[in-house]
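Notes for the one structure printed next.
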Amino acid sequence: PAGWAGTWPRQVTRHCRGPRGVERPRVVASFAAATHRHCLSVAGIAAEFARVLGLNEADSRYLVKGALLHDIGKAKIPLAILNKPGPLTPTERAEMARHPALGHEMLLTGDYDALTLSVVRSHHEYLDGSGYPDGLRGQQIPDLVRLITIADIFAALIEARPYKAPKAPREAYA
């Protein structure tokens, strides 16, 4: 979205406040550096989506909180897989695909709301049912989860990864 880079740090900071406000960024920061940066990017993009779409304060908080935590399950994925410079083997891909369910499990013991848990578990679900881990489709995927999925994909496209160069934001948006 146009102009997102200038406003997202304030938006993310504003939505991280609260009883767990300090803890969320620390949990995200304990990841591999690239995953940490990715979660912050997704949160910034999500915050700008919330602003541009005119979401209310509560939905904006859910969106940003979910974005910050969406990849928390990657903390249980071996770094050799997370940072692999080439394509993943089928076994590695299956291990990576476990991160949404692993993240969901990690948060079940906390006092996280159902929507945040849904974002963490379902951010790789797609409207046609081809996503994972549950093969949800269409209306089974909450709207805020869909927004996180879009932000997640956009961030992945514009970020440098060990296996690909970043796309320019305009190219990624197209």
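The table for this structure:
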item: 3J(HN,Hα) from dihedral phi, the range 159-172, Karplus parametrisation 6.51/-1.76/1.60, rounded to Hz, x for glycine, proline; result: 8, 6, 10, x, 10, 7, 7, x, 8, 5, x, 4, 5, 5
item: Dipole of the range 69-158, positive end: most advanced residue of A151, L82, H104 [Cβ charges, Cα centre]; result: L82
item: Eligible aspartates and glutamates near K167 by straight Cα distance, threshold 19 Å, same-chain separation 8 or greater; result: D152, E159
item: J(HN,Hα) series, the range 60-75, from Karplus relation 6.51 cos²θ - 1.76 cosθ + 1.60, nearest Hz, glycine and proline x; result: 4, 4, 4, 4, 5, 4, x, 5, 4, 9, 4, 9, 4, x, 5, 5
item: Computed lengthening from A58 to L79, 0.36 nm per intervening residue step minus Cα-Cα distance; result: 4.1 nm
item: Rounded Å value of the spacing that divides the Cα centres of the range 93-116 and the range 47-80; result: 13
item: Solvent-accessible area per residue for the range 46-174 (1.4 angstrom probe, square angstrom); result: 52
item: The range 43-92 shape via C-alpha gyration tensor axes, a/c threshold 1.5; result: prolate
item: Per-residue HN-Hα couplings for the range 129-140 [Karplus 6.51, -1.76, 1.60; θ = phi - 60°; Hz; x = Gly/Pro]; result: x, 7, x, 9, x, 10, x, 5, 9, x, 5, 5
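The values are calculated or read from the model by the stated rules, or taken from the named source; none is laboratory data. Quantities reported herein were computed from a predicted structural model and do not represent experimental measurements. Don't worry about glycine lacking a Cβ; one is built from the backbone with ideal geometry, like all the others, and counts go over all protein chains shown. Only protein heavy atoms, including side chains, enter the accessible area calculation; ligands, DNA and RNA are left aside. Shrake-Rupley method; radii C 1.70, N 1.55, O 1.52, S 1.80 Å.
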